[in-house]
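Every number in this text was worked out from the coordinates using simple rules, so none of it is lab data. Note that the coordinates shown come from a computational prediction; the quantities given were computed from them, not determined experimentally. In this analysis, Cβ positions are derived from the backbone assuming ideal geometry, glycine residues included, and neighbour counts consider all displayed protein chains.
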Amino acid sequence: MSQALDCLAADGEALPLAAGTDLVPVLRDRAMDRARLVDLHGLKELDYIRFEDGMLRIGAMATHQSIAASDKVKEMLPALAHACSQVGSAQIRRRATIGGNVCHASPAADTLPVLIAAEACAVTRSKEFRKTVLLEQFITGVKTTSLPQDSLLEEIIILIPEGGWKGNYYRLGGRNALTIAISSVAVLKGSRGIRAAYGSMGPTVKRIGAVEEYLNSCREAKRSILRVLAEQNLSPISDIRATREYRLDVAANFTWLGYRELAE
Amino acid sequence: MLHIRFNLNGKDVDADIHEGTRAIDLLRDTFELTGTKESCGQGECGSCTILLDDEAIHSCLLLAAQMEGCRVVTIEGLEKEGELDALQQAFLDAGAIQCGYCTPGMIMAAKGLLLHNPAPTAEEIRDAMAGNLCRCTGYKKIGEAVSLAADRQRN
């Protein structure tokens, strides 16, 4: 870790490389021979999933496959295990890391709705500092984060309520594998009520306070109201994969489905 | 430039590479192992699948430098002393080939599966192969070929 941080601090243009499943195709399309990369593959100390002091701690180099298969994750935050099983294909899940998925900060990243709904924190390290920030604030825009160039994401921390986070992750893609989410929603329930976070529905994955207030106070959630709240709070694009209206319909329906499944 | 060493199809090899050289380009252009195909170049089709330390991965999403110290197997490394691997034979016997472009990637993805799970269910086969696209035909015969190879290897 300290060696990797030295390399980043010494070269202001160096990029950290986790598995490379997002970065390598980008590099191919640019002048890749000039790329200066710090390969993090040797950082085995960041490949862990632990439960300590009521917190689930996932090292940045833990792979999607290991998170999807983890009994601890399945027990405490099953929606995250499911989200990780939905990423790319077996070839990608085997290598791609949660740290890479979070730092790539795609609006369609599969781990982010669950992590943000569960109020996860990102722990970052530079040579001097170790900082903890709420993940929702760590991600600042489409594929941008507040991570300084000389720092690395060390781990993701999730506070686990008594009995674990209930609820699930819902995503719609064009087919089963190798597809980017058209719309995705995590609907979770912890000790302070229901949380809902949305992917592929705007520049960043985010929670909607108005939806959470409604779900936590209504006697029975109505799809029509969830559709209005989605329209008021989300800003999806229309593109080749789906129209804005369709994405809003899907997000509202997934929210309703998540609410119903939590009630069962 | 970087100097890397790794094991390729059972032989220790080394190469001088640019930092940004992808694994697939080193395998195809330098080592002339053109069985590994490139189609999409972004991890969406699986035709570039190889084994890296016994795990099926995409060689188009891997830098050559990331192979340092690893055991790499390509489709050319499956045949042993003139005898086809059980998967290669099963793909032939089950008629799981049409144009053949996706076949090396399919076989390497299946090889990775069978190394970890010698008796996969039909669903486990589908899940392991979901990252490999075939544009000629359906996937039924491909799934049957993997099943056949697994059966033959166990018996």
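Whole-Hz Karplus values for the stretch A:126-143 come out as 10, 4, 9, 10, 10, 10, 10, 10, 4, 4, 4, 8, 4, 8, 10, x, 5, 6 Hz, taken residue by residue from phi with 6.51 cos²θ - 1.76 cosθ + 1.60 and θ = phi - 60°; glycine and proline positions read x.
Radius of gyration (Cα atoms) of the stretch A:2-62, expressed as a multiple of 2.2 N^0.38 Å: 1.38.
Positive end of the dipole of chain B (Cβ unit charges, origin at the Cα centre): among B:91, B:7, B:109, the Cα lying farthest that way belongs to B:91. Here the Kirkwood formula, the inverse mean of 1/r across different C-alpha pairs, assigns the stretch A:127-206 a hydrodynamic radius of 15.1 Å. Calculated translational diffusion coefficient of the stretch A:1-148 (4 °C, 1.567 mPa s; Stokes-Einstein with Kirkwood radius over alpha-carbon pairs) equals 81 µm²/s. Pair-distance distribution of the protein assembly as shown: all C-alpha pairs, bin width 10 Å, starting at 0; shares per bin in whole percent are 5, 21, 29, 25, 15, 5, 0, 0.
With Cβ to Cβ distances under 15 Å as the rule, what net charge do the other residues near residue B:101 carry (K, R +1; D, E -1)? Please report the intermediate quantities before stating the final value.
On the way: positive: B:28, B:37, B:135; negative: B:38, B:44.
That works out to +1.
For the stretch A:176-210, trypsin sites (Lys or Arg not before Pro) are listed when DSSP marks them as loop and at most 16 other Cβ atoms sit within 10 Å of their Cβ; the list is A:192.
Around the Cα centre of the stretch A:166-225, unit charges on the Cβ atoms of Lys, Arg, Asp and Glu (plus for the first two, minus for the last two) sum to a dipole of about 120 debye.
Taking a ≥ b ≥ c as the square roots of the eigenvalues of the alpha carbon gyration tensor, chain B is prolate, as a/c is not under 1.5 and a/b beats b/c. Within the stretch B:20-100, the GluC sites (Glu not before Pro) that combine a DSSP coil assignment with at most 12 other C-beta atoms in a 10 angstrom radius are B:32, B:79, B:81. Scanning residues 5 or more positions from residue A:120 or on other chains, those with amide H under 5 Å from its amide H are A:135, with H placed 1.01 Å from N in the peptide plane. Summed over all non-identical Cα pairs, the Kirkwood treatment of the stretch B:102-155 gives a radius of 11.1 Å.
Residues considered: B:100, B:41, B:82. Largest GNM mean-square fluctuation over chain B, using C-alpha springs under 10 Å, is found at B:82.
Summing Lys, Arg as +1 and Asp, Glu as -1, what charge do residues with Cβ under 11 Å from the Cβ of residue B:75 carry, residue B:75 excluded? Numbers along the way, then the final one.
Details: positive: B:37, B:111; negative: B:76, B:79, B:85.
Charge balance near residue B:75 sits at -1.
Charge tally for residue A:188 (other residues, Cβ to Cβ under 12 Å; Lys, Arg +1; Asp, Glu -1): +2. Using Cβ point charges alone (K and R +1, D and E -1), the dipole size of the protein assembly as shown about the Cα centre works out to roughly 1420 debye.
Span-like helix criteria (full DSSP H runs; alpha carbon extent of at least 18 Å along the helix axis; mean Kyte-Doolittle hydropathy of at least 0.5) are satisfied in chain B by B:103-116. For the residue pairs A:127/A:189; A:206/B:140; A:72/A:222; A:44/A:131; A:206/B:111, the C-alpha atoms sit more than 29 angstrom apart in A:127/A:189; A:206/B:140; A:72/A:222; A:206/B:111.
Taking 25 °C and 0.890 mPa s as conditions, the stretch A:166-263 diffuses translationally at an estimated 184 µm²/s according to Stokes-Einstein applied to its Kirkwood radius (Cα pairs).
Only Lys, Arg, Asp and Glu count, each charged at its Cβ (+1, +1, -1, -1), so figure out the dipole size of the stretch B:2-77 about its Cα centre, rounded to 20 debye.
Details: 6 positive and 14 negative charges, 23 e Å.
I would put it at about 100 debye.
Annotation for the stretch A:107-168: trypsin sites (Lys or Arg not before Pro) lying in DSSP loop with at most 16 further Cβ atoms inside 10 Å of their Cβ are A:127, A:143.
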